[in-house]
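Below is one structure, written out as structure tokens; comments come after it.
Please treat every number below as a calculation from the coordinates, not as lab data. Owing to the predicted nature of the structure, the values given are computational and were not obtained by experimental measurement. We place every Cβ from the backbone using ideal geometry, glycine too, and count neighbours over all the protein chains shown.
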Ligand SMILES: [Zn+2]
């Protein structure tokens, strides 16, 4: 497997790392970290795509499949970033209970976990 095919396969993978899915509301910091991490992967994919294009032009080699795989990988990562940005917006509106630490909707009157009144 050549460098670009290998890279394309990696780009296509659903980035398993660090993006944790928990039932709890993920903290704002964690969401920001995940967004930054995915954005950095997107930047690398773009760089690889540029190199791939350059090499194709130079060698006349057809790297269309590898390029398409990279593009698909970029698109799926962008969709994930968009989801995380929605979560971030939601997380910013959370009330953190000072009694038990649970996160509650910004308009909650009582903590959903311990019942403390806000
Ligand atoms: Zn509470």
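Summary table
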| quantity | calculated |
| --- | --- |
| Pairwise label distance in nanometres, residue 39 with residue 82, each label 7 Å out on the Cα-Cβ vector | 1.7 nm |
| Cβ crowding within 10 Å averaged over residues, with 94-101, 66-73, 42-49 ranked highest first | 66-73, 42-49, 94-101 |
| Distance between modelled label sites at residue 62 and residue 113, nm, 7 Å Cα→Cβ extension | 5.7 nm |
| The range 31-118 - Kirkwood radius from inverse mean 1/r over Cα pairs (Å) | 16.0 Å |
